[in-house]
1. Using 0.36 nm per residue of separation minus the Cα-Cα distance, give me the extension gain between D88 and A211 in nm, one decimal.
2. List, in order, the whole-Hz ³J(HN,Hα) value for each residue of the range 70-81 obtained from phi through the Karplus relation with A = 6.51, B = -1.76, C = 1.60 and θ = phi - 60°; use x for Gly and Pro.
3. Near the amide H of E199, under 5 Å away, which other amide H atoms are found, from residues 5 or more places off or on another chain, if H is placed in the peptide plane?
4. Would you mind getting the accessible area per residue of the range 51-209, heavy atoms of the protein chains only, 1.4 Å probe, in Å²?
5. At R0 = 22 Å, how high is the FRET efficiency between D183 and D77 if r is their beta carbon distance? Nearest 0.05 is fine.
6. Each residue of the range 198-211 in turn: what ³J(HN,Hα) in whole Hz from Karplus with 6.51, -1.76, 1.60 and θ = phi - 60°, glycine and Pro shown as x?
7. Taking H placed 1.01 Å from N in the peptide plane, check which residues at least 5 places from A56 or on another chain put their amide H under 5 Å from its amide H.
Amino acid sequence: MTRHVQHAHHLKGLLHCGTCGARMLLDFATNPRGTTYAYFVCSGRASKRTSCTRRAVPVAVAERLVADSYASITISDQTYRHLAAEVDAAFDSRMAGRDQEIADLMANRAKLEAESDKLLAAHFADAIDLPTLKRHQDRIRAGLADIEQRLAHHDEQHTGGRAFLHDSLRLLTDAHRAYAHSDDGSRRLANQAFYTRLEITEDEQLRPRLAEPFATIVREATKARKRNGNTPHLSMSPVPVRHFGWSLGDSNS
């Protein structure tokens, strides 16, 4: 007798069939002796939406495949140092071309602030009336708000983007150990952060697709290893500044 039940698992909803691409569902089968086995099954085959004939994958096998994938993406401390230096050099080069724009924004901010002080002093000296003061102050406040927004954007791209890539690199140096010592909730967050898709093939191999910036980092690190240990070169592009729900501090040693 087979009995299907709902159950939570940190890989639930993350795995896909490597044969037809359909999502894999967590399911349980109980034999006549009452022993229950957990499996991931192809939803395409289960619902007959596809002609997929792939076998069910024991949960323990899926867990091992995903855990082992973290060993393949973990980078050494030496690679971390090389790539971190590449990140710093790239951001420094990028910001060098924006120094003048930032200087202009700060000069305009100082000019508007000085104008605001003069207008206020003129009002106190009865040189301008209150409606005129308010009109000019509204204009100055709008100008200052625009400048602050543009300066904040520069800071986010420089400081935030740099920190984001450094954090990403540091996560990869400890990815395998951290995943192994994390609880189920943290593992789920890790898989969502590191991967865009996890496929299990018919011969029970994992085909992971890394999310950025991890895909670029691992690709460059792999190229470096193939070049007999030459320094990796990280090609920089604008990166989104976001926060991971999973970090080294979430692992349970």
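The values are calculated or read from the model by the stated rules, or taken from the named source; none is laboratory data. These numbers were taken from a predicted model, which means no experiment stands behind them. Virtual Cβ from ideal backbone geometry, glycine too; neighbours counted across all protein chains shown. Surface accessibility is based on the protein's heavy atoms, side chains included, excluding ligands, DNA and RNA. Shrake-Rupley method; radii C 1.70, N 1.55, O 1.52, S 1.80 Å.
1. Values: separation 123, 0.36 × 123 = 44.28 nm, distance 2.14 nm.
Once the chain is fully extended between D88 and A211, it gains 42.1 nm.
2. 5, 5, 6, 9, 5, 9, 7, 4, 5, 5, 4, 5
3. When sequence neighbours closer than 5 places are left aside, the close amide H contacts are H16, R207, R209.
4. On the way: 8650 Å² over 159 residues.
Spelled out: the 1.4 Å probe surface of the range 51-209, per residue, equals 54 Å².
5. Details: r = 26 Å, r/R0 = 1.18.
Efficiency, from the Cβ-Cβ distance: 0.25.
6. Result, rounded to whole Hz: 10, 10, 10, 7, 4, 8, 6, 10, 8, 10, x, 10, 6, 7.
7. It is none; the list stays empty.
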